[in-house]
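This report concerns only the one structure given below.
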Amino acid sequence: MNKLNQLFSKKNKNILSVYFTAGFPKLDDTAEILSELLTNGVDMIEVGMPFSDPLADGAVIQRSSEQALQNGMSIAKLFDQLKNNSIKSSSAVLLMGYLNPVLQYGMEKFCKDASGLGISGVIIPDLPLHEYTLHYKELFEKYDLANIFLITPQTSESRIRLIDDCSSGFIYVVSSASTTGAKGQIEQSQEEYFERIRSMNLKNPLMIGFGISDSKTFTKACEYANGAIIGSAFVKALSGSNDLKASVNKFITEIRN
Amino acid sequence: MKFEVNEHGYYGNYGGAYIPEMLFPNVQELKEKYLLIMNDASFKEEFDLLLKDYVGRPSPLYYASRLSVHYKTKIYLKREDLNHTGAHKINNTLGQILLAKRLGKTRIIAETGAGQHGVATATVCALMGLKCIVYMGEIDIERQAPNVARMKLLGAEVIPATSGSKTLKDATNEAIRDWINNPVDTYYIIGSVVGPHPYPDMVAKFQSVISEEIKTQLKEKTGKEDPDFVIACVGGGSNAAGAFYHFLDSGNVKLIAVEAAGKGVDSGHSAATSILGKPGIIHGSKTLLMQTFDGQITEPYSISAGLDYPGVGPIHAHLFETGRATFASITDEEALEAAYLLCELEGIIPALESAHAFAHLKYLNAKPDEIVVINLSGRGDKDLATYIRHKDLANE
Ligand SMILES: Cc1ncc(COP(=O)(O)O)c(C=O)c1O
């Protein structure tokens, strides 16, 4: 069974997923951040593969990606780092990034290598359902990688059902019509949207992401979904850090309270 | 037609719609409705009337006699520079804004490089009374100041793109991010045959009026519809797509797409995508683009802001791959020389982008009785400062 499915069968509430950009703040920080997150009991980790033109990202992740690329990060480099610090057999780690670097690495090689390193799934925002089904579905299935799809407040009910049918792992519920980044709070209209999705009784677990930044927004999101995903706020917390271990610990402790 | 998109939005291996889910409802709506709207009789009537009375179409097809003597062949210029706002861009913005209105959108966004598309968008927004926001790279804001002033005068808000290379690619990223954040009331008027399906096809169709007119006008002037050559510059490729469109299935017409070599194709400062690019994904479509070994998009370079783009529209990737069009590239220096020559021989100051197409004439070796049509995509007012600076430098 894929480790994502294992995770959701063991635990179905308050699942904390954290995103960070590989190679940021420094090129070789990836492994340390990953292991600190696991030490702190984070349930799921999304490792960002930086891209020069991250269309769906707000300022914080844009800047971390730019810095990571300047530091020399690439998919090949990331896989090297993950090889030396192998992902524990039980931890659910996903890769998140944009399609072009993956295509240049080679889609089949990417799936094979990622799977070999213990990666459970992939989130590629600019690989929508149609193109995925047309070109890449078989490869993902061959290597037991979940391809995670996004839904938004504008996604129609029929499309949500279609995405539910085509998903494995979980569905990524984008909290508002927005690029990544903190909004501060969760509005009434967002709660109505979360409730609408929850009441659809989808087959796949739900994880809410985008704009989840602190304990309050995390807890609120968890009322409506199996868990929530924190990205920009964590990346921001790392950017000024001179003690990664302490920064990760402080950030996660605050979220869990 | 052999060069139309298929039902998935592909030209051969290129095209598609590689968009984040946030954009899906808008792009899907467009995909379902664009052909219905464009083929609707009342839409056509309104579009054609505005093209005639507002844009000033048909644009003349002008026999450039002194240039013809110089190059020892027969050269006709398709005068898109004489359109209202000074370039071909308005053919597309007018079409798209009529479409946006029919979709009930009230807020218009656009990206711009040289500022021509931004001006053409600001213009039609004023015409229709719609709010207009234009994203423009910080570097382009500096080098195309007159167009920035024009957009502001026309009531548009110009927002600098400060990420990445601070040029057209980054302005496009910012426009796409804006659309993600404003999914309900906003329509994105893309300025070239780029972006997710159905944009490349839609923009090509709006620009196809160029080749439709060339056919009629050439027939009147020479007795035959088909020239031997059609030459156009390629940034994203909209003026070229429009100039080629009705000749695509006429194999006897040689189509030449001219890219910006910048300081030279091998200099590391170039925008010659067909030579330097590889297949990949940019701004929602699979096409040729300039990128690193790892798939990071490269910062292109050209003296001309409108050609300073690391990709080409998927239709051009397909024309390149199939050999239907020949791709050439022209350096900054060659483009400047060609612009000065056109000023001297014909009394026409071309846009720097268009000057690239003219510079290719010296490599063409056309026969004396062959007919060459050059798409003069825009006028050079916006480039005066660059032209004068380089002339002064040459005279020192
Ligand atoms: C006059 C002119 N020609 C050509 C271009 C290049 O665009 P395209 O390749 O889409 O025609 C521009 C773009 O700004 C332009 O202003």
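Descriptive notes on the structure:
- Scanning the range B:235-289 for residues that are within 15 Å of the ligand (Cβ to nearest atom), within 14 Å of another protein chain (Cβ to nearest Cβ) and in contact with a Leu (Cβ under 7 Å, 6 or more places away or on another chain) yields B:277, B:282.
- Candidates B:148, B:158 - the one that is outside any helix (DSSP H, G or I), without any contact (Cβ under 8 Å) to a residue 60 or more places away in the chain and farther than 22 Å from residue B:284 by Cα: B:158
- When residues of the range B:1-32 are limited to those that are among the acidic types (Asp, Glu) and in contact (Cβ under 8 Å) with a residue 12 or more places away in the chain, the one nearest to the other protein chains (Cβ to nearest Cβ): B:29
- Screening the range B:44-143 for helices (runs of 4 or more DSSP H) wholly inside it with 1 or more residues that are closer than 27 Å to residue B:161 by Cα, away from the ligand (no atom under 16 Å from the Cβ) and within 14 Å of chain A (Cβ to nearest Cβ) returns no ranges.
- Qualifying residue in the range B:35-42 (condition: small (Gly, Ala, Ser), away from every other protein chain (no Cβ under 14 Å) and in contact (Cβ under 8 Å) with a residue 40 or more places away in the chain): no
- Only helices (runs of 4 or more DSSP H) whose full extent lies in the range B:292-369 are considered here, and the ones with at least 2 residues that are away from the ligand (no atom under 13 Å from the Cβ) are B:314-322, B:332-346, B:361-364.
- Qualifying residue in the range B:149-170 (condition: in contact with a Ser or Thr (Cβ under 6 Å, 6 or more places away or on another chain), modelled with pLDDT under 95, closer than 20 Å to residue B:302 by Cβ and within 14 Å of chain A (Cβ to nearest Cβ)): yes
- Subset of the range A:3-59 [over 15 Å from the mean Cα position of the chain (by Cα) and charged (D, E, K, R)]: A:10, A:11, A:13, A:26, A:28, A:29, A:32, A:36, A:53
- Residues of the range A:1-44 that are assigned to a helix (DSSP H, G or I) and either of a type in the set (Phe, Trp, Tyr) or at positive phi (or both): A:8 alone.
- Filter result for the condition that a residue is in contact with a Gly (Cβ under 7 Å, 6 or more places away or on another chain), in a helix (DSSP H, G or I) and facing another protein chain (nearest Cβ under 10 Å), over A:103, A:134: A:103
- Qualifying residue in the range B:356-372 (condition: surrounded by 24 or more Cβ atoms within 10 Å (Cβ to Cβ), in contact with a Pro (Cβ under 7 Å, 6 or more places away or on another chain), aromatic (Phe, Trp, Tyr) and within 30 Å of residue A:69 (Cβ to Cβ)): no
- Close pairs (7 angstrom Cβ cut-off, 6 or more residues apart or separate chains): under 23 Å from residue B:79 (Cβ atoms) in the range B:380-396, of a type in the set (Ser, Thr, Tyr) and modelled with pLDDT of 90 or more anywhere: B:380/B:387
- Per-region count, the range B:373-396, residues surrounded by fewer than 19 Cβ atoms within 10 Å (Cβ to Cβ) and of a type in the set (S, T, N, Q): 1
One line per residue, one yes/no per condition, for (1) away from the ligand (no atom under 16 Å from the Cβ); (2) touching a residue at least 12 places away in the same chain (Cβ under 8 Å); (3) in contact with a Lys or Arg (Cβ under 9 Å, 6 or more places away or on another chain):
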position	(1), (2), (3)
B:176	yes, yes, no
B:180	yes, yes, no
B:189	no, yes, no
B:203	no, yes, no
B:209	no, yes, yes
B:217	yes, yes, yes
B:221	yes, yes, no
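- When the range A:114-131 is filtered for residues that are more than 14 Å from chain B (Cβ to nearest Cβ) and touching a helix residue (DSSP H, G or I) at 6+ places or on another chain (Cβ under 6 Å), the ones remaining, listed by number, are A:117, A:120, A:121.
- Residue A:220 vs. criteria part of a helix (DSSP H, G or I), away from chain B (no Cβ under 12 Å) and either among the hydrophobic types (A, V, I, L, M, F, W, C) or in contact (Cβ under 8 Å) with a residue 60 or more places away in the chain (or both): no
The values are calculated or read from the model by the stated rules, or taken from the named source; none is laboratory data. The model shown is predicted, which means the values in this text are computed figures rather than measured ones. Glycine gets a Cβ as well: all are built from the backbone with ideal geometry, and neighbour counts include every protein chain shown.
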